[in-house]
Amino acid sequence: MAKYLYQLGLWSARRSRFIIGLWTVILIKAICLGTLFAGPVSDSLSIPGTDSQKALDLLDKEFPQANGGDVRLIFAMPEGKPLTDETTQQAVNKMLDAVAKDNAIISIVSPYESGAISADERIGYADITYQATAEEVSEASKTHILQSLALTRDAGIQTEVGGSVEVIEQSGAGASEVIGIIIAFIVLVITFRSFRVAGLPIISALVGVAIGVMGVNFGANFFDINSEGTILALMLGLAVGIDYSLFIISRHRQQLDSGMEIKESIALATATAGSAVIFAGLTVIIALSSFVVVNIPFFSVMGLAASFTVFISVMIAITLTPAILSLAGNRIRSTRRNNRKPHARKSKPFAYRWGKFAAKFPIPIVLVVMIGLGTLALPALNMKLGLPDDGMSQADTSARRGYDLLSEGFGPGFNGPLAIAIRSTNGDQIEEAATKIAGDLGTMENVAAASPPMLNEAGNLAIVSVTPKTGPNDDLTHDLVQSIREHGKQLVSQAQIQLMVTGVTAINIDMSDRISTAFPLFGSIIIALAFILLLLVFRSVLVPVKAVLGFLLSLLASLGVVVSVFQYGHFANLFGVAAEGPVVNFLPVLLTGVLFGLAMDYEVFLVSRMREEYTNTGQARPSVVSGLGHSGRVVTAAGLIMIFVFGGFILAPDPKIKAIGLSLTLGVLIDAFVVRMTLVPAIMTLLGRSSWYLPRWLKRILPNVDIEGESVIKALESKKDIS
């Protein structure tokens, strides 16, 4: 493969203006498609085949009027002042009359009509239903609601907004990505000691991210893509885009400083570092594409969208980066060597000294790292999965204030009602049976109230709303869902009646179960495929095994810290976590896939240089130290860049995005600096030459992918000898 990449790098360098022009055209077309023809952002959390999804689909079909988006306006008076006095009622009704002027609204139910007022008469709510679904409610309608809020707020009535329509939209990332890019640029300036060179990886990454994200936006016309999917693509596109270009530029710069001709150096850097980029990118793409195994549509699309952006980043690194380097010419060359005094003492880089330290004390390092990461991982044993609700939003948001008011006025379970679908399996009328079932549900443990059944036109389907006494993410609410489902199984066996449960809590349970069931297969696929790739790359059995075990340590330690922060509230203020709650239920799978891909990135970039040294010298221990010394600085920069890019998203107000940003930041921090830069050299020192052991029978059947570019280097040396 290195030979083909050498030719590609040389071709890109010689036709630099054509390559840059081609990517510019692709970028412009992508921006046009992604802005002018962008698809809608979906909030769909469909989980095909689950009890909650079947119930949801049935209710959507039989009760189409319930498909419209809704806004809940929550009103509250100060202590001692009722919401029911005449002046307050006039202010509330005046505000609702103003809201009703929007023709997109189907109905408005005021708290005085429905009796939706708390026992102390201080808190109440009005429900507004739109013709369009929540995602399709227009910005004009949202603005109209916001403008109407002043009528009650000016009258001294606290008014907050909730419901399925995001009237006050949370910022997904805000300035997070900008902060990450700025800090990444600073890291690159320190690494290269040049503002000019530091800008090149940033430019390459921005081009890749723009094309990738715009492509995802356009793809939303054909697939349901949620905001988290776009942000994951943005996160990874920035991080790997900068890193992949960084590795090629760094290798090219080292070769220029050794006296190599510009275009030959570009071609060789593409053949060597470019090979590592392709295999690292392929590992990330495999891990992300494996999300489809979980069989949750929005999650599958999230992985594929991020995979597409990573693929674009790889292609840019091996084509656009060589073209830019060709135009830059000698300006990319390091100036330090030229300015160094002839007799100045050249000290070994820190990475080299760190490698010697790891090689000198391998057993203590292995023990300390294993014990330390094991301790961090302990909280993961008690991990509780769920989906964040408005109760985990920032305290200064209207959604959070409204959530707290409803919990105060009507009980914590009011924010997570269960929808019970009762269906006659033989088409008979269901009213009498549904009324009895609703009565039985109302007497169950942990049930605050069960509504009278609402029937469809045919009379063979009813819906009952059950309000638990406990909150949506409470274990007792989960137990209630399971109890109702067990009751439903008894009804099916005793009568021709089917009972299904849906709602936020039921969907959380089903999603968590689906993820837990699929996780072993998911993990097995990415580990097996990545093992095969690493086996091909390093032609060693123990190196892939070590890489996988190191990843498992990083994963468990990262999950342990995430549980400590989000579930137990440790250091919550430091990370801006507004309230304790469950870990996002798809986070373990997402972290496993993304972190595995990134961990293998560092493994490939770090160990490939060690193997290159071993191939040239045949000495195992010195090769570990020398390989770390050559690549440690660049791997350190790459790790820091990813940490700062991901870390910027911790500032996002959305708790799901905050959790993703924190988990990936921790994962890269632990994997890059604790596992790859510390544990790996220690273990490889202990293994010695056996690190590179490969059975003869396996050596014969494995193709030689030549990631180190050994064949290219030999060919170039032969040409020099002949000339």
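So for the stretch 546-653, taking the charge dipole from beta-carbon charges (+1 Lys/Arg, -1 Asp/Glu), which of S623, L555, T636 sits furthest toward the positive end?
After comparing all options, I get S623.
I need the trypsin sites (Lys or Arg not before Pro) found in the stretch 48-87, filtered to DSSP loop residues with at most 13 other beta carbons within 10 Å of theirs.
none
For the stretch 570-646 and the stretch 224-251, compute the distance between their C-alpha centroids and round to whole Å.
Distance between centres, Cα-based: 15 Å.
For semi-axes √(5λ) of the Cα gyration tensor in Å, one of (i) 65, 49, 26; (ii) 56, 28, 23; (iii) 44, 32, 28 was computed from the structure I shared and the rest are decoys. Which label?
(ii)
Could you give the size of the charge dipole of the stretch 226-339 about its Cα centre, using +1 on the Cβ of each K and R and -1 on the Cβ of each D and E, expressed in debye and rounded to the nearest 20?
Approximately 440 debye in magnitude.
What is the magnitude of the charge dipole of the chain about its Cα centre, with +1 placed on the Cβ of each Lys and Arg, -1 on the Cβ of each Asp and Glu, and no other charges, expressed in debye to the nearest 20?
6360 debye
Please turn the phi angles of the stretch 645-655 into ³J(HN,Hα) values with the Karplus equation 6.51 cos²θ - 1.76 cosθ + 1.60 (θ = phi - 60°), one per residue in order, whole Hz, x for glycine and proline.
Using θ = phi - 60°, the values come out as 5, 5, x, x, 7, 5, 6, 5, x, 5, x Hz.
Quick check: the angle from helix 51-62's long axis to the longest principal axis of the chain, C-alpha only, nearest 10 degrees?
Helix 51-62 sits roughly 50 degrees off the main axis of the chain.
Sorted by average packing, counted as other Cβ atoms within 10 angstrom per residue and highest first, what order do 302-308, 30-36 take?
The densest-packed peptide leads the list: 302-308, 30-36.
Dipole of the stretch 417-502, Cα-centred, from +1 at each Lys and Arg C-beta and -1 at each Asp and Glu C-beta, to the nearest 20 debye?
Using Cβ point charges on Lys, Arg, Asp and Glu, the stretch 417-502 gives about 80 debye.
Would you mind pulling out the separation of the Cα centroids of the stretch 348-380 and the stretch 510-567, in Å?
Rounded to whole Å, the Cα centres lie 20 Å apart.
Taking the chain as the reference, fit the longest principal axis to its C-alpha atoms, fit the long axis of helix 176-192 to the helix C-alpha atoms, and give the angle between the two in degrees, 0 to 90, nearest 10.
10 degrees
From the phi of every residue in the stretch 152-161, what ³J(HN,Hα) in whole Hz does the Karplus formula 6.51 cos²θ - 1.76 cosθ + 1.60 yield, where θ is phi - 60° and glycine or proline is x?
Values per residue, Gly and Pro as x: 8, 5, 5, 8, x, 9, 5, 10, 10, 10 Hz.
Quick one: P(r) of the stretch 70-163 from all Cα-Cα pairs, 10 Å bins, percents rounded to integers, in order of increasing distance.
Result returned by the calculation: 16, 53, 25, 5, 0.
Expressed as a whole number of Å, what is the distance separating the alpha-carbon centroids of the stretch 133-158 and the stretch 299-319?
39 Å
Go through the stretch 595-612 residue by residue and turn each phi into a ³J(HN,Hα) via Karplus (6.51, -1.76, 1.60, θ = phi - 60°); whole Hz please, and just put x for glycine and proline.
5, 4, x, 5, 4, 5, 3, 5, 4, 5, 5, 7, 6, 4, 6, 5, 5, 4
Taking every pair of alpha-carbon atoms in the stretch 417-502, what share in percent sits in each 5 Å bin, from 0 to the bin with the longest distance?
All Cα pairs, binned at 5 Å, distribute as 3, 16, 28, 26, 15, 8, 3, 1 percent.
Return the loop-located GluC sites (Glu not before Pro) in the stretch 49-96 (DSSP other than H, G, I, E, B) with at most 16 other Cβ atoms within 10 Å of their own Cβ; answer none if there are none.
Those that pass, being in a loop and sparsely packed, are E79.
Need the full-extension length gain, V545 to I525, defined as separation in residues times 0.36 nm minus the C-alpha distance. One decimal, nm.
5.7 nm
Using just the helices of the chain, give the 222 nm mean residue ellipticity in deg cm²/dmol: DSSP H runs with n ≥ 4 each add -39,500 (n - 2.57), and the total is spread over all residues, rounded to 500.
-21000 deg cm²/dmol
Starting from the Cα of K61, step 7 Å along the direction of its Cβ; do the same at D154; then give the gap between the two resulting points in nm.
It is 5.0 nm.
What's the ranking of 373-381, 578-586 by average number of surrounding C-beta atoms within 10 Å, highest first?
Highest-to-lowest ranking by the protection proxy: 578-586, 373-381.
Read-outs: derived from the displayed coordinates by stated rules, not from any lab. Quick caveat: nothing in here was measured; it's all calculated off a predicted structure. As a convention, Cβ positions derive from the backbone with ideal geometry for all residues, glycine included, and neighbour counts pool all protein chains shown.
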